[in-house]
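See structure below.
None of the figures in this text is laboratory data; all of them are computed from the coordinates on show. Remember, it's a predicted structure, so these values are computed and weren't measured experimentally. Here the Cβ positions follow ideal geometry from the backbone for every residue, glycine too, while neighbour counts run over all protein chains shown.
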Ligand code: SF4
């Protein structure tokens, strides 16, 4: 398959997703190959986990246990497992990497420079993410267009060239009010921090509550001025690539063979 044909298939999938409900989108994603959903336990991720558990979909649910999460987030992992009778795979950083980071930057060195912050996210998130996605052909995320300007054009389906897999964002078009109404009607467990001004929750030392009118992700790495700040999970990071990226045509070919 040519790159042009593969790109056309991604575009076709994106169109198909637009016409499906959440369960339909996740079911279709699962037909594309081995699918892994990485959850931060945020409110939109809880919507996806609930759908996977309720419909018993063949999608692995994983989380990055960075070692700096809020207690409320850690508690929610177990609560969600019990509620939906599923296993959430934990991927943790290596102690050697944490020690090396602390030696070079200090344990909380991420406040001092963007370089130090990226280095911490690399050790605590990106390396564990690479392990969580090892062997995956499809990566399911809770990215939404309304989360930030940086995510305003998030498609339903895209090709992650860095990791060589198909990335599926089944809630791309859901707004926060729709998410909140859904968790209420479905009685989906959510992080109590959402009710205390934390719409987006990451590691405890790097997340603050937002003020009225601020964007959803304004509380993440609030001391940095870069409006497009991210942890690197959803933007290319050359350091992160542990798996050689395969061409888009190969990824689509693999997915087509499995479908
Ligand atoms: S969010 Fe903060 S504590 Fe968590 S990995 Fe990134 S820099 Fe480290």
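One table, with the values for the structure above:
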item	result
Residues located in segment 75-91, provided they are under 18 Å from residue 202 (Cβ atoms) and surrounded by 14 or more Cβ atoms within 10 Å (Cβ to Cβ)	75, 76, 77, 80, 88, 91
Filtered residue count, segment 195-226, keeping only those that are part of a loop (DSSP other than H, G, I, E, B), crowded, with 20+ Cβ neighbours inside 10 Å and within 11 Å of the ligand (Cβ to nearest atom)	3
Candidates 26, 69, 20, filtered to the one that is free of Cβ contacts under 8 Å to residues at least 12 places away in the same chain, in contact with a helix residue (DSSP H, G or I) (Cβ under 7 Å, 6 or more places away or on another chain) and on the phi < 0 side of the Ramachandran plot	20
Residues within segment 148-178 that are surrounded by 23 or more Cβ atoms within 10 Å (Cβ to Cβ) and within 18 Å of residue 43 (Cα to Cα), tallied	5
Which listed residue, of 125, 131, is over 18 Å from residue 52 (Cβ atoms) and within 13 Å of the chain's Cα centre (by Cα)	125
Hey, residue 48 part of a helix (DSSP H, G or I), touching a residue at least 24 places away in the same chain (Cβ under 8 Å) and under 20 Å from residue 118 (Cβ atoms) or not	no
Cβ-Cβ under 9 Å pairs, at least 6 apart or on other chains, segment 207-224 side at positive phi, far side within 16 Å of the ligand (Cβ to nearest atom) and in a loop (DSSP other than H, G, I, E, B)	221/202; 221/229; 221/230; 221/231
Filter result (exposed (fewer than 15 other Cβ atoms within 10 Å of the Cβ) and under 24 Å from residue 208 (Cβ atoms)) within segment 112-144	112, 113, 114, 115
